[in-house]
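S.K.: First the structure, then my questions, so here it is.
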Amino acid sequence: MRMRTMEISVGFLMLAGFLALVVLALNVSGLNLSDQGGGYKVYARFDNIGGLTPRAKVAMSGVQIGEVTAIRLDPQMLMAEVEMKIRDDVDFLSTDSSAQILTSGLLGEQYIGITSGAEDEMLADGDRISDTQSALVLEDLIGKFLFNEVSD
Amino acid sequence: MLDWIQSLGHRGLSRLAAFGRAGQLLMQSLIARPEPITMFPLLIKQLYFVGVLSLIIIVVSGGFIGMVLGLQGYTILVDYGSEQAVGQMVALSLVRELAPVVTALLFAGRAGSALTAEIGLMKATEQLASFEMIGVDPMRRIIAPRLWAGFISMPILTIIFSVVGVWGGALVAVEWLGIFDGSFWANMQQAVDFRADVLNGVIKAVVFGFVVTWIAVFEGYDCIPTSEGISQATTRTVVFSSLAVLGLDFLLTALMFGEL
């Protein structure tokens, strides 16, 4: 009987450890098993991506609809090409949507904000968003400001 | 002068011999031919003593450490207007550092010292010798189940510590201080990576569990079989394993997270 209670409590410990690992995986690290394959890829070229990194969020009106999967330099255009994965259930982005690199808060991380356009056709896998706006680089902004001051 | 050098040499040699005996103990008890039928009930019993009975101290300290992290993080981050980042601060510091280290330190104090004292007393009362006399290998019967129990229960306790700590932090930050819970969890999930953070924390826990249990069992097995010797061995277990955990933590952090 004593052995039985011991075995039961050890079983509970094992179970608790396993459940805790699942909680850590799903709730804390945000590991998402369901949409590993789901989603379609959309590309966009930017003059300057600022501090954008892979795994940054792609949002529409501030709601996350996907994430940045890869960033590379396009050698012909000499621009940064960002590959992002949009969730499958977000199938209402028109082909003339625009992509902007935004910053969350004053010092926060950079993310891509998408604004839908007016076209009837929707973006599909492999499409490119042509209307883009680069990240706000503080040095450029200061440079413009100084230049304007001097020219006045 | 020469005497001093001689005593230094003597100490170095005996320390080296102790390392050798510790390695031998590990080899003999782990490489031994497994006997699942006799081993399993012994292992369950040790898992109960080492794992289940440590659960309460782990849960309570994990909860309080998470709550303190939430409170401290909030008071600092609120000055910069980025109090939503409390979630990622609590989760990252727990999963990467605090959970493995604090669990290992508590484990050394709670379970390691008990293992040392138990095995030391078995040696002092010549139970180990009588096991050998009746043809039972004490390595396999006494040492191996305790080692395995330590290796298995340490990672489990660490994971539970992390989860309870995150909940404690969420309790303080979301429920009491009123951070919006959506941004609390979303920030955390974006910052914490399963492979890079959670699994590396578990790897740390495995290493710490291995080191702490090994030191505890060896000190017990190697102690001077008197009541004074047992007390010294118990002290050495706690001191050595705490130092080993803190030193190894730096090493593992440098390997895993730092570009050293």
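S.K.: Please work out the Cα center distance from the stretch B:1-52 to the stretch B:208-249, rounded to the nearest Å.
M.R.: Between the Cα centre of the stretch B:1-52 and that of the stretch B:208-249, the gap is 10 Å.
S.K.: Further, regarding this structure: If you keep only loop residues by DSSP, which trypsin sites (Lys or Arg not before Pro) in the stretch B:174-253 have at most 12 other Cβ atoms within 10 Å of their Cβ? Each step should come with its number before you reach the end.
M.R.: Working: sites: B:ARG195, B:LYS204, B:ARG236; in loops: none.
Sites meeting the loop and neighbour criteria: none at all.
S.K.: Explain nothing, just compute: Karplus ³J(HN,Hα) = 6.51 cos²θ - 1.76 cosθ + 1.60, θ = phi - 60°, for every residue of the stretch B:212-225 in order, whole Hz, x for Gly and Pro.
M.R.: In residue order, the calculated couplings are 4, 5, 4, 4, 4, 5, 5, 4, x, 6, 9, 6, 6, x Hz.
S.K.: Continuing with the same structure: Quick one: give the max-minus-min coordinate of the C-alpha atoms of chain B along each principal axis, largest first, in Å.
M.R.: 68, 56, 32
S.K.: Specify the residue with the greatest mean-square fluctuation among B:ILE215, B:ILE134, B:ILE224, computed from a Gaussian network of chain B linking alpha-carbon atoms under 10 Å apart.
M.R.: Largest GNM mean-square fluctuation: B:ILE134.
S.K.: Report ³J(HN,Hα) in whole Hz for each residue of the stretch B:49-64, in order, from the Karplus equation J = 6.51 cos²θ - 1.76 cosθ + 1.60 where θ = phi - 60°; Gly and Pro get x.
M.R.: 5, 7, x, 5, 6, 7, 4, 5, 5, 5, 5, 5, 5, x, x, 5
S.K.: Quick one: P(r) of the stretch A:40-136 from all Cα-Cα pairs, 5 Å bins, percents rounded to integers, in order of increasing distance.
M.R.: In order of increasing distance, the bins hold 3, 15, 27, 28, 17, 8, 2, 0 percent.
S.K.: Now, a different point. Inverting the mean 1/r over all pairs of different Cα atoms, compute the Kirkwood radius of the stretch B:5-116 and quote it in Å.
M.R.: Numbers: mean 1/r = 0.0549 Å⁻¹.
After inverting the pairwise mean of 1/r, the radius is 18.2 Å.
S.K.: Calculate the mean, over all residues of peptide B:38-49, of how many other protein chain Cβ atoms lie within 10 angstrom of the residue's Cβ. Provide the component values of the computation, followed by the final result.
M.R.: Details: counts 0, 0, 1, 3, 0, 1, 6, 5, 2, 7, 9, 2.
If you average over the peptide's residues, the count of other-chain Cβ atoms is 3.
S.K.: Taking every DSSP beta bridge that has both residues in chain A, what percent is antiparallel when rounded to the nearest 5? Spell out each step's value before the answer.
M.R.: Values: 26 of 34 bridges.
Counting only bridges with both partners in chain A, antiparallel ones make up about 75 percent.
S.K.: A follow-up question, please. With the dipole of the protein assembly as shown worked out from charges on the C-beta (+1 for Lys and Arg, -1 for Asp and Glu) around the Cα centre, which of B:GLY12, B:MET27, B:ILE230 lies farthest toward the positive end?
M.R.: It is B:ILE230.
S.K.: Please give the average number of partner chain Cβ atoms lying within 10 Å of the Cβ of each residue in A:11-22, rounded to a whole number. Don't skip to the end; give the middle numbers.
M.R.: Values: counts 3, 2, 12, 6, 1, 9, 11, 2, 3, 10, 10, 2.
Per residue, the number of nearby Cβ atoms from other chains is 6 on average.
S.K.: Got a sec? How would A:LYS85, B:LYS123 order by Cβ neighbour count within 10 Å, fewest to most? Kindly include the intermediate steps, with their values, before the conclusion.
M.R.: Details: A:LYS85 20, B:LYS123 23.
If I rank by nearby Cβ atoms, fewest first, I get A:LYS85, B:LYS123.
S.K.: Same structure again: Between B:TRP176, B:TRP214, B:TRP148, find the one with the highest GNM mean-square fluctuation for chain B; connect C-alpha pairs within less than 10 Å.
M.R.: Residue with maximal mean-square fluctuation among B:TRP176, B:TRP214, B:TRP148: B:TRP176.
S.K.: Same structure, new question: Provide, in order from the shortest bin, the percent of all Cα-Cα pairs of the protein assembly as shown in each 20 Å bin, continuing until the bin that contains the maximum pair distance.
M.R.: Here the calculated profile for the protein assembly as shown is 22, 41, 25, 11, 1, 0.
S.K.: List every residue whose amide H lies under 5 Å from the amide H of A:MET79, counting only residues 5 or more places away in sequence or on a different chain, with H placed 1.01 Å from N in the peptide plane.
M.R.: A:ASP74
S.K.: Now for a separate question. Nearest 500 deg cm²/dmol is fine: what mean residue ellipticity at 222 nm does chain A get from its DSSP H runs of n ≥ 4 alone, each adding -39,500 (n - 2.57), divided by its residue count?
M.R.: On the way: 2 runs with 36 residues, N = 152.
For chain A, the value works out to -8000 deg cm²/dmol.
S.K.: Let me ask something else about it. Would you mind ranking B:ARG21, A:ARG72 so that the residue whose beta carbon has the fewest other beta carbons within 10 Å leads the list? Please list the in-between numbers first.
M.R.: On the way: B:ARG21 13, A:ARG72 9.
Least to most surrounded, the residues fall as A:ARG72, B:ARG21.
S.K.: Kindly write out, for the stretch B:74-84 in residue order, the coupling ³J(HN,Hα) from the Karplus curve 6.51 cos²θ - 1.76 cosθ + 1.60 (θ = phi - 60°), rounded to whole Hz, with x marking Gly and Pro.
M.R.: 4, 5, 7, 6, 5, 5, 9, x, 10, 6, 5
S.K.: Shielding by partners for B:193-204, please: the mean number of other protein chain Cβ atoms within 10 Å of each residue's Cβ. Provide the component values of the computation, followed by the final result.
M.R.: Details: counts 4, 9, 2, 1, 3, 6, 4, 0, 1, 2, 0, 0.
If you average over the peptide's residues, the count of other-chain Cβ atoms is 3.
S.K.: What is the Cα centroid distance between the stretch A:18-92 and the stretch B:58-118, reported in whole angstrom?
M.R.: When both Cα centres are located, 31 Å separates them.
S.K.: Let me ask something else. Pull up the DSSP beta bridges for the protein assembly as shown and report the antiparallel fraction as a percent, rounded to 5.
M.R.: Numbers: 26 of 34 bridges.
Roughly 75 percent of the DSSP beta bridges within the protein assembly as shown come out antiparallel.
Every number in this text was worked out from the coordinates using simple rules, so none of it is lab data. All values reported here derive from a predicted model rather than from experimental measurement. Ideal geometry is used to build each Cβ from the backbone, glycine not excepted, and the neighbour counts take in all protein chains shown.
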